[in-house]
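So the structure is just underneath, and the comments pick up after that.
Just so it is clear, none of the values below were taken in a lab; they were calculated from the coordinates. Since this is a predicted model, take the numbers as computed values, not measurements. Using ideal geometry, Cβ is built from the backbone for each residue, glycine included, and neighbour counts are taken over all protein chains shown.
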Amino acid sequence: MSKLKKALEKARQSRESFPGSEDQAISLPREEASTSSWKGQEIDPTYVQTKIQHIDLNKLEERKIISIHHCNQVSDRFKLLRTQVLSLLRERERNSILITSANRNEGRTTTAINLAISMAQQLDSTVLLVDADLKAPSIHKILGLSVEKGLTDCLLGQASIEESLINPGISRLVVLPSGRHISNTSEILAAPRAESIFRELKDRYSDRFIIIDSPPLLTGADALILTGHADAVLLVVEAERTTKNDLLRMRELLGDKPVVGSILTKFRP
């Protein structure tokens, strides 16, 4: 049985129902989820060049961003996912993970945001959330951010990373929004400048973890190109929508890419 099928089967076996409309079952390969002995120091960043926009935290829950809270079952599930992801990345001395799905509207972006917020709650690391869905970006809409420049502007050489980053008023979390619309996204992402940009994002701060919200894998070439800029891939699978054929096509496309697990979303008991 493939790693993808094993991960999906574990998700199905361990799933539970949660409050809200986007229930989640989380699965990472057990041998890759051991507790890490890495210990860092508490980080309290002061943002100088990064723009600060204080978002309305009360509106996040209605947009399915619930990891901002600490006392509910769903946020606890994201804490479990956070622990597994951080352990995996630290053991491999890596710092970036790409989140993708087969199709649109399967819970990919809300998963990325919830995981990013949960990881930022750790006191010893910072998190960069990158909206790399250049054709249909939505992180800024969900968080309620006002965007002037973003990833596309950096890729085109029309903005620096520093002037494109936004702190949403959540400590240790910085967002790199998608930026302005462009049509030739695959060509831009495959260009040498993109390699340089993503390398800079990964190498600039030793205590930073990067979550890349990717487009769906089966809707175009962008997601597959982006896997080359990430250290690991996490798949979002929607219950009763993502088909067996979708999974087989994803497995074929990803080949030997480092798929570390899956999340089953929108499960109904």
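Considering segment 169-242, what Rg and Dmax in Å follow from its alpha-carbon atoms?
14.1, 41
If you plug each phi of segment 47-56 into the Karplus form 6.51 cos²θ - 1.76 cosθ + 1.60 with θ = phi - 60°, what whole-Hz ³J(HN,Hα) values come out, in order, with x for Gly and Pro?
So the Karplus estimates, Gly and Pro as x, are 8, 9, 7, 5, 5, 10, 10, 7, 7, 7 Hz.
Where in segment 174-189 does the amide nitrogen come within less than 12 Å of the point 7 Å from the Cα of Q53, taken along Cα to Cβ?
Answer for this model: 175-180.
Normalised radius of gyration for segment 45-196, please: alpha carbon Rg relative to 2.2 N^0.38 Å, two decimal places.
Compactness ratio reported: 1.04.
If each residue of separation counts as 0.36 nm, what is the full-extension length gain between R251 and Q73 once their alpha-carbon separation is subtracted?
On the way: separation 178, 0.36 × 178 = 64.08 nm, distance 3.06 nm.
The span from R251 to Q73 would gain 61.0 nm if fully extended.
Please list the non-local residues whose amide H lies under 5 Å from the amide H of I210, H modeled 1.01 Å from N, same-chain partners needing a gap of 5 or more.
S96, I97, L128
Taking a threshold of 21 Å on the Cα-Cα distance, which of the pairs K79/K141; K64/K266; K149/K266; K64/K257 fall above it?
K79/K141; K149/K266; K64/K257
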